[in-house]
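The values are calculated or read from the model by the stated rules, or taken from the named source; none is laboratory data. From a predicted model like this one, the values you see are computed outputs, not experimental measurements. As a convention, Cβ positions derive from the backbone with ideal geometry for all residues, glycine included, and neighbour counts pool all protein chains shown.
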Amino acid sequence: MGGETIFCESMVGMETVDAFIEKVSAIYGEDQAASIGRAVDFGMQAHREQFRHSGEPYITHPCHVAEILIDLGMDADTITAAVLHDVLEDTLATFDDVKNMFGESVARLVDGVTKLSRLGFFSREERQAESLRKMFVAMANDIRVIMIKLADRLHNMRTLQYVEAQKQMRIANETLEIYSPLAHRLGIYAFKAELDDLAFRYLKPEVFFELEKKVKAVRASQDQQMHEVMNVIRERLEQVSIKADFEGRPKTIYSIYKKMVAQEKPFEEIYDLTAMRVIVESVKDCYTVLGIIHTLWKPLPGRFKDYIAVPSQNMYQSLHTTCLGAGGVPFEVQIRTYDMHRTAEYGIAAHWKYKEKRKGESDLDSKLAWLRQLLEWQSDMKDSQEFMDSLKIDFFSDDVLVFTPKGTVVDLVKGSTPIDFAFTIHTAIGTNCVGAKVNGRLVPLDYKLETGDIVEIITSKHSAGPSRDWLNIVKTSQAKTKIKHWLKKEFREENIIKGKDMLENAARRQGFSLPQLLKTEWLEPVYKKYTLGSVEDLYAAVGYGGVQTSRVLTRLIEEYRKENKIEIEQARVGPLAARRPKRPIDHGVLVKGEPDIMVRFAKCCTPLPGDDIVGYITRGRGVSVHQRDCVNLKDLEDFENRRVEVTWANENNRAYLAEIQVMAQDRAGLLMEISQLLNNMNLSALSVNARVTKNKTAFINFSVEINDTQMLDKIIKQIRNLPDVTRVFRSHA
Ligand code: MN
């Protein structure tokens, strides 16, 4: 973060830089050391106007951060990136500058750290801590980024005394909530221990210093006891030829405090101020040591923990046992192998520190996967199924975690846009949203948010409100619902007009006029289904997209059909198979001299009683009857020889098929009116075929069963009288 601009002598702090360069040269190869050296020069130049709160030149900070990482055994790229970790955030240097000088890998690390710097907007809400930790890991696409950030925080905590009191509290709080748990999850004990105590010191200074004093006072005598115990164990192990190292690690003030709080004990009853460790070569030796200790001292029931058989979340492995020592004072021993010890100390960093000794170790990516899994892992996970489920969540994670400008984390689904974000914050922010800034830059409203983005919504009281297009942009169902709700309320008048229009058009396409279908008793079930109160509500609902026209119309048309006994299928647009007349209609014609011959009416001219007709003897299908002036006659094979005279039998109860074509200006309800008209004449159309041309001319063809030509004339006349009908004629196929 940017330092103060007080002028300081430029030589101050140079010894830090020199010492750092020296250390680098001692550890890394010539080329790598040279690269790190160039990074120091670059950083010095970039930060030359900046100073730490301590008054030192700014470059001392990244050098210290890099040094912490050297002690952790990190690779040269990490060290180079650590030296440069603040240049993108605080200076004019760009990603490309860093990339050109130090390569893609270093540039990516620096960029990653810079992105994490945005997490300086931490919320103070405790419940957010887990989300923030999750986000932290999700954002760092390289675990080394997290390592640099942790080292950065460690050095900032070490120099926190120069910072103003209020900021101290905020940073210390953040450290305890985010950084220390992360260090713990990564298993980097040294980081965690130091971060804990530094944070605790600033958050509860009285308690910290009081405890520190008490610890100092009794540690000497406790350590004396510990050494006596160690000596006894060492003697026994020598007898059975087990090689072992012993270690006493003072526990942190913060962990002692937490233990007092958790166990509700005064300081005087906390006996393990120092953790005693026995480190051996094999797992078998661990259990042997445990057995020996348990034969020497009485173990306290319930205090033995086997973290070798069941490692803890951060890969930590050890045997823990507490026994009653001399004078009834309990002591705790941790038993582990050297390998386990490394993991306990360095956690994930052991990967770098000891990599040359660990052949076939899984690669970084799987380490990172492991870490991500850890963060998802609930400590109270009960069985393996739950574990598998948590893996799934991890691998198919759909979360995008973003910040409000004030630093509150907002959890969204992948693909979410600023509009989703806005509606998640508040409905009013969503509806008044006119634009969005992500990380300070204006973005289009369909911008896909990424984890770590800081999203700022620009609102206006004069905003026109959500547009219908937003429904296609948003990802969260919450936003969708809210937008629909708003459109519904805000545009009621428009929606009513639009919805009515939509329904009318849809009804017309099915051959109905809307008023025909809107009978109150038919509408009731529709209202009920969609919780509407009136036909206006229905129009509005259709208008804003809440109810589909087809859903409503299907129901209403069905009702209409029931009441009017009309075959829906026939009223539909499009060619439909003609239904065969129920009665045979081949009896109304007499064939001269052949009373029993089968008679059919030709489809080309469909003669009707009254028409002048002629017969044609077909091959095997009886006589077909044509109108005498049918144009097809001359084309019939051997017509002159096969023709036969036929006459009408004058029986009025016979039915014949007539094909009628109507040409009209297309409008709603026309087809229905024709149906009604036929209905009134006790006729029904047997097949209907309607089409509308581009210039809105409708052609309706239908066939109808009639008895004679008078009836046909009547039909034609009546249809001709319908509004908008231009032509009606008997058609010949
Ligand atoms: Mn920094």
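Below, the figures for the structure above:
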read-out: Within the stretch 11-47, considering residues that are in a loop (DSSP other than H, G, I, E, B) and within 16 Å of the ligand (Cβ to nearest atom), the one surrounded by the fewest Cβ atoms within 10 Å (Cβ to Cβ); value: 13
read-out: Any strands (runs of 3 or more DSSP E) falling wholly within the stretch 635-723 and containing at least 3 residues that are touching a Phe, Trp or Tyr at 6+ places or on another chain (Cβ under 7 Å); value: 656-665, 685-692
read-out: Within the stretch 153-264, helices (runs of 4 or more DSSP H) holding 3 or more residues that are charged (D, E, K, R) and either within 16 Å of the ligand (Cβ to nearest atom) or touching a residue at least 40 places away in the same chain (Cβ under 8 Å) (or both); value: 165-174, 189-203, 205-239
read-out: Selected residue (only one of 219, 185, 201 is under 24 Å from residue 273 (Cα atoms) and surrounded by fewer than 19 Cβ atoms within 10 Å (Cβ to Cβ)); value: 219
read-out: Filter pass, residue 695 being in the same structural domain as residue 725 (by TED's automatic domain parsing), of a type outside the set (Lys, Arg) and surrounded by fewer than 20 Cβ atoms within 10 Å (Cβ to Cβ); value: yes
read-out: Pick from the stretch 106-121, criterion within 11 Å of the ligand (Cβ to nearest atom) and touching a Gly at 6+ places or on another chain (Cβ under 9 Å), ranking: modelled with the highest pLDDT; value: 116
read-out: Cross-chain or 6+ apart pairs with Cβ under 7 Å, the stretch 408-433 first and closer than 20 Å to residue 472 by Cβ, then part of a helix (DSSP H, G or I) and among the aromatic types (Phe, Trp, Tyr); value: 412/421; 419/470; 430/423; 431/486
read-out: Qualifying position, being in a loop (DSSP other than H, G, I, E, B) and within 16 Å of the ligand (Cβ to nearest atom), among 93, 66; value: 93
read-out: Checking residue 55 against (1) part of a helix (DSSP H, G or I); (2) surrounded by 14 or more Cβ atoms within 10 Å (Cβ to Cβ), the condition it does not meet; value: (1)
read-out: Residue list for the stretch 222-255, filter: of a type in the set (Phe, Trp, Tyr) and either more than 18 Å from residue 323 (Cα to Cα) or exposed (fewer than 15 other Cβ atoms within 10 Å of the Cβ) (or both); value: 254
read-out: Subset of the stretch 662-688 [among the polar types (S, T, N, Q) and either in the same structural domain as residue 506 (by TED's automatic domain parsing) or buried (at least 16 other Cβ atoms within 10 Å of the Cβ) (or both)]; value: 675, 684, 687
read-out: Residue ID - farthest from the ligand (Cβ to nearest atom), chosen from residues in the stretch 69-90 that are within 17 Å of residue 45 (Cα to Cα) and not in a helix (DSSP H, G or I); value: 84
read-out: Index of the failed condition, residue 103 passing every other in (1) within 14 Å of the ligand (Cβ to nearest atom); (2) part of a helix (DSSP H, G or I); value: (1)
read-out: Tabulated pairs, the stretch 79-91, first free of Cβ contacts under 8 Å to residues at least 40 places away in the same chain, second near the ligand (Cβ under 9 Å from one of its atoms), C-beta under 9 angstrom, 6+ apart or interchain; value: 88/113; 88/117
read-out: When residues of the stretch 48-63 are limited to those that are out of contact with any helix residue (DSSP H, G or I) (no Cβ under 7 Å at 6 or more places or on another chain) and within 14 Å of the ligand (Cβ to nearest atom), the one farthest from residue 101 (Cα to Cα); value: 56
read-out: Total residues in the stretch 468-501, condition in contact with an Asp or Glu (Cβ under 6 Å, 6 or more places away or on another chain) and either in the same structural domain as residue 555 (by TED's automatic domain parsing) or free of Cβ contacts under 8 Å to residues at least 40 places away in the same chain (or both); value: 1
read-out: The stretch 502-530: number of residues that are over 13 Å from residue 559 (Cβ atoms), charged (D, E, K, R) and free of Cβ contacts under 8 Å to residues at least 24 places away in the same chain; value: 2
read-out: Near pairs, Cβ below 8 angstrom, 6+ apart or cross-chain, from the stretch 60-78 (at positive phi) to any residue that is in a helix (DSSP H, G or I) and buried (at least 20 other Cβ atoms within 10 Å of the Cβ); value: 73/346; 73/349
